[in-house]
Amino acid sequence: MADPVVEAVARAVRNAPASGAEPGLMHWRRAMVWAAVAAVLIAAPQVFNQGFAVSMLSQMGIAIIFALSYNMLLGQTGMLSFGHAVYFGLGAFFAAHALNAIGAGSLHWPVSLLPLVGAAAGLAFGLVFGYVTTKHSGTPFAMISLGIAEMVAACSLMFPSFFGGEGGISTDRVVGDKVMGVDFGPGVQVYYLIAAWCFVCMILMFALTQTPLGRMANAVRDNPERVKFVGYNPTRIRFLMLALAGMFAGIAGALEVINFELITAERLGTAASGTVLLMAFIGGVGHFYGPIIGAILITFLQSALSNYTQAWLLYFGLFFLVMILFAPGGIASLVTLHKPAVQTRLLGRLALPYAGAAVAGAVLLAGLIMAVEMFYHYETKREQVGAVMSLFGQQFDTTATGPWLMAVALLVVGGVLLRLAARPIGAAWTEIAAAVNRGQGN
Amino acid sequence: MAASLELRQVRKSFGKTAIINGVDLAIERGERHAVIGPNGAGKSTLFNLISGRFPLSTGNILLNGQDITGLAPQEINRRGLSRSFQITNIFPKLSVFENLRCAVLWSQGYRYSFWHRVGGLKDVRARADELVERIGLKRRRDTLAGVLSYAEQRALEIGVTIAGGAEVILLDEPTAGMSNTETEDAVALIRAVSEGKTLVMVEHDMSVVFGLADRISVLVYGQVIATGTPAEIRGNKAVQEAYLGVEADTAEGAH
């Protein structure tokens, strides 16, 4: 995708004067988008109504809040944090203890508003840790955020009464009487609670980008030095953004407690911080909606892939690698990239070349999966279940030469086909670039 | 009445090297003042000291009679002193309009607000749009600053500098690297935006300096060797020897 023609198109689009949509029209469009989002949130568990699907949708809702809150730092303020799960995790632990107190009758608070406990904890720790970390930016900030994450993870072992040791803190979300028939026992009730919070948080975080603070955060991302000379203190802006991001992460953490009725210290560790970074990055940090895509996709991959293969982390890593190499702006940037094709009504020209690339990619992927799965079987399962494994509905002997040759052949053929498929894609983009330039000449 | 900007025995050393060596300077309200001097004289360092980018080693800087020595850049900016940069220093991934809006926000009192919707702030938008027009970038209003031409970026640099309505404006080589016509446009812009304000500028182009400045200070090796009207500076022996005399031929092309 890093084709000069593609870049030329992207540049042409950036240079083109904005269409200057009327503010009224823009508000109307925005309202329509939010209405559509609400409709999707409401309809999703009706369409995907199996138990595991509803549970996955709930996890997606939580991940969306968490990933968007992370992007308040990375995409909007230019702060690369390796410790954002700290605020998610601490929010979750406080929420878990609060939920247990509600269950014990010592606290009177509706379960549906438990996320406010998480928000308060996330905000409080955001203020404390943010005060320390945001004095720096760039690499020092990234390192300090990692240090805080390690420190909090270490504390989780030192205070078992609060963090529950290895087993974590378990809780019960069904407390007290039903309120209007809702006690959050069934998964679908939990889903709708999460969806409601997700919707509110999405709107609030989007609204934040439209405020003076949100705009100045973009300025800090672009050029913190210059911000000082227009009257703003970039440290203060980073601090406020981190505290608010911590608050939203805390909401996500509290919802996680309601969803799983369990929280362990690994949810606030560096691995969890890495996952949210991946969600934001793969989705695309340059667009508000990017992390939403990333959160949905990665949550899906995590639950779906892990059902099918033990090597799912390997595929996950490869996917991340391919994304960074070929679409460093994330999936959202791929969407943006195709705007000129839509505007010039030439998107159809890309259909056939893309279909060709998809076939080539499928062949390559089949070879890769075959090689990986056979290797996995040979190394880990051969002694228990024998050398023969089944894959794609076929039986393969992992000790024979034939299947291995086949895997290599698929990889080679797929690679060559992908090379060949790149040419018509390039030609189609050249045509689109020419059309864009003609359009600008008028 | 106190001078608009006053420097008292300002010194700055980096390690053992003294860059600014006891500068005294008083600039009156409404004055257009140029600082000239050969390369390495410390002109940009002087701007960095005045605007709070670097701390002073010793000495004092007063803005409207108030001591601003040691204040952070943003605090100095809020007190009414704004500066531009020799190397263009804008927000490349924001549009021209957004660049100017960011530069306007503080002066309109919105501070770190996360409860105002920026699109609904009529005063901010009116001021930013007025600036877009003033710096001649109306056609580029929604273009990302990073893809503007060099001269356009320089105009935006000035726009961002004056956006907050500062009373004292420091421009660091506003016409450097421009063609003749671009320089003419820039001079007209500077003349217009500094109307009724105090302007201090570092400039190498002598036609710009002598055309714009009410008074000129000559900085050589971190010391002001002369301050006066353009006519006085032209006639000053020490200046001719130290700067104009030796470098008059090359001064035009110097950077």
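FYI, it's all coordinate maths here, none of it is from the lab. Nothing here was measured: the structure is a model prediction, and the numbers come from that model. In this analysis, Cβ positions are derived from the backbone assuming ideal geometry, glycine residues included, and neighbour counts consider all displayed protein chains.
Points worth noting:
- Neighbourhood charge, 15 Å Cβ-Cβ cut-off, centred on A:Ala98 and excluding it, Lys, Arg +1 and Asp, Glu -1: -2
- In this Cβ point-charge picture (+1 for Lys and Arg, -1 for Asp and Glu), region B:88-159 has a dipole of about 140 debye about its Cα centre.
- Those GluC sites (Glu not before Pro) in region B:172-220 that DSSP places in a loop and that have at most 11 other beta carbons within 10 Å: B:Glu195
- Here chain B is assigned +1 on the Cβ of each Lys and Arg and -1 on the Cβ of each Asp and Glu. Its dipole about the Cα centre then comes out at about 980 debye.
- Cross-link pairs A:Lys135/B:Lys43; B:Lys12/B:Lys43; B:Lys43/B:Lys93 - those with Cα-Cα distance over 19 Å: A:Lys135/B:Lys43; B:Lys43/B:Lys93
- Relative to the dominant Cα principal axis of chain B, helix B:96-105 is inclined by about 80°.
- Within 10 Å of each Cβ in A:206-215, the average number of Cβ atoms from other chains: 6
- Rounded to the nearest 10 degrees, the inclination of helix B:122-134 to the longest alpha-carbon principal axis of chain B is 50 degrees.
- Counting only other chain Cβ atoms within 10 Å of each residue's Cβ, the peptide B:68-76 averages 3.
- Annotation note: trypsin sites (Lys or Arg not before Pro) in region B:114-146 located in DSSP loop regions with a Cβ neighbour count of at most 15 within 10 Å are B:Arg117.
- Seen from B:Ile87, the other residues with C-beta closer than 10 Å to its C-beta sum to a net charge of -3, counting Lys and Arg as +1 and Asp and Glu as -1.
- Cα-based reach from A:Lys339 at 15 Å (exclusive), listing aspartates and glutamates while leaving out same-chain residues under 8 positions away: A:Glu7, A:Glu431
- Over the residues of the protein assembly as shown, the helix contribution to mean residue ellipticity at 222 nm works out to -19500 deg cm²/dmol, using -39500 (n - 2.57) for each DSSP H run of at least 4.
- Taking chain B as a Gaussian network of alpha-carbon nodes connected by springs under 10 Å, the highest mean-square fluctuation of the residues B:Ala126, B:Ala155, B:Ala145 belongs to B:Ala126.
- Taking the charge dipole of region A:117-269 about its Cα centre, with +1 at Lys and Arg Cβ atoms and -1 at Asp and Glu Cβ atoms, the residue from A:Asn259, A:Val128, A:Met216 reaching farthest to the positive side is A:Met216.
- Entry note, region A:341-441: relative contact order of 42 percent, from Cα contacts under 8 Å with a spacing of 6+ residues.
- In region B:88-159, a dipole from Cβ-located charges (positive for Lys and Arg, negative for Asp and Glu) runs towards its positive end, and of B:Ile158, B:Ser113, B:Thr88 it is B:Ser113 whose Cα lies farthest in that direction.
- Each part gets one Cα centre, and for region B:108-174 versus region A:277-344 those centres are 36 Å apart.
- Using alpha-carbon coordinates, inclination of helix B:180-193 to the longest axis of chain B, degrees: 80 degrees
- Chain A: relative contact order in percent, alpha carbon pairs under 8 Å with at least 6 residues between: 24 percent
- Selection from B:Leu131, A:Thr309, A:Met323, by position along the positive dipole direction of the protein assembly as shown (Cβ): B:Leu131
- Antiparallel content of DSSP bridges confined to chain B, in %, to 5: 55 percent
- Chain A: DSSP helices with Cα axial extent of at least 24 Å and average Kyte-Doolittle hydropathy no lower than 1.6: A:114-133, A:187-209
- Distance-filtered residues of region A:215-259 - backbone nitrogen under 14 Å, label point 7 angstrom along A:Gln302 Cα→Cβ: A:252-257, A:259
- Exercise: per-residue mean of other protein chain Cβ atoms within 10 Å, B:94-103: 4
- DSSP loop trypsin sites (Lys or Arg not before Pro) with at most 16 other Cβ within 10 Å: longest gap in chain A: A:179-344
- Charged side chains reduced to their Cβ positions (Lys and Arg at +1, Asp and Glu at -1) give chain A a dipole of some 1500 debye around its Cα centre.
- Straight-line reach from B:Lys138: taking Cα to Cα under 20 Å and skipping same-chain neighbours fewer than 8 places apart, the aspartates and glutamates in range are A:Glu22, B:Glu98, B:Asp123, B:Asp129, B:Glu130, B:Glu152, B:Glu157, B:Glu182, B:Glu184, B:Asp185.
- Of all DSSP beta bridges in the protein assembly as shown, antiparallel share, percent nearest 5: 65 percent
- Contact order for chain B, expressed relative to its length and based on alpha carbon pairs under 8 Å spaced 6+ residues apart, stands at 27 percent.
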